[in-house]
Amino acid sequence: MKNILIINGHPDKESFCSSIAEKYHQGAKATGANSTVVHLVDLKFNPILQFGYRQRTELEADLLEVREAISAADHLVFVYPIWWGVQPALLKGFIDRVFLPGFAFKPKEDSVMWDKLLKGKTGRIITTMDAPNWYNKLMYRNAGIHAMKKATLEYCGVKPVKTTTFSLVKHSDFSKREDWLKKVEKLGRSMN
């Protein structure tokens, strides 16, 4: 049985991103997968890596629990809006605090290379934005998605990482959002 961890990085639990996370979860559960949704807004943690890597900042109980879930997961799904070209501060803070050396990656001694400690996992990024998708690609080169995919997940060994973006969300109607949610449920059923 495949273990799937869905992380909703939107700070508003009543957001469309929350609906997306829950719909992916429903699709995955329908196949018999072990699927869990984590809404970062429900966790109690300081999103600031207080001392950088100079001094260890102890992980709060909620972060330790999610870290165990990441370790146990075969497939990681990140759902979040694109704000100012990148993910919300809550998700960035979560990554800073959890994807640490010794857990997600390990620098090699006397080398610029590193070990990828999350190898064997696959990933999916599902983003929403109010701008047209073409505008984000043309003007910002998909910076927020690219950084999450390449500089975070693949850096730590998660591969492949597939992406789905729903754009012009602010201008979408109920029917369009229902179509998007059906697509997300299918992604959950295919577990990719």
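Things worth noting here:
- Using the Cβ-Cβ distance between Q50 and M113 with R0 set to 30 Å, the FRET efficiency works out to roughly 0.65.
- Here the chain carries DSSP beta bridges of which approximately 15% are antiparallel, counting only pairs with both residues inside.
- Rg over Rh, two decimals, region 3-190 (C-alpha only, Kirkwood Rh): 0.96
- For the chain, size of Cβ-based charge dipole, Lys and Arg +1, Asp and Glu -1, in debye: 660
- C-alpha center-to-center spacing [region 151-185, region 1-34] in angstrom: 12
- Cα-Cα P(r), region 143-192, percent of pairs per 5 Å interval: 5, 17, 21, 17, 19, 15, 6, 1
- For E68 and K2, the difference between the fully extended length at 0.36 nm per residue and the C-alpha to C-alpha distance is 22.2 nm.
- Partner aspartates and glutamates for K176 [C-alpha distance under 16 Å; skip if fewer than 8 residues away on the same chain]: D130, E185
- Relative pair counts by distance (%), Cα atoms of region 24-119, 10 Å bins: 13, 40, 36, 10, 1
- Taken over region 103-192, the ratio of Cα radius of gyration to 2.2 N^0.38 Å equals 1.35.
- Dimensionless Rg ratio for region 1-42, taking C-alpha atoms and the 2.2 N^0.38 Å reference: 1.13
No lab work stands behind these numbers, since they all come straight from the coordinates. Everything numeric here is computed off the predicted structure, so don't read it as measured data. Note: ideal-geometry Cβ built from the backbone for every residue, glycine included; neighbour counts use all protein chains shown.
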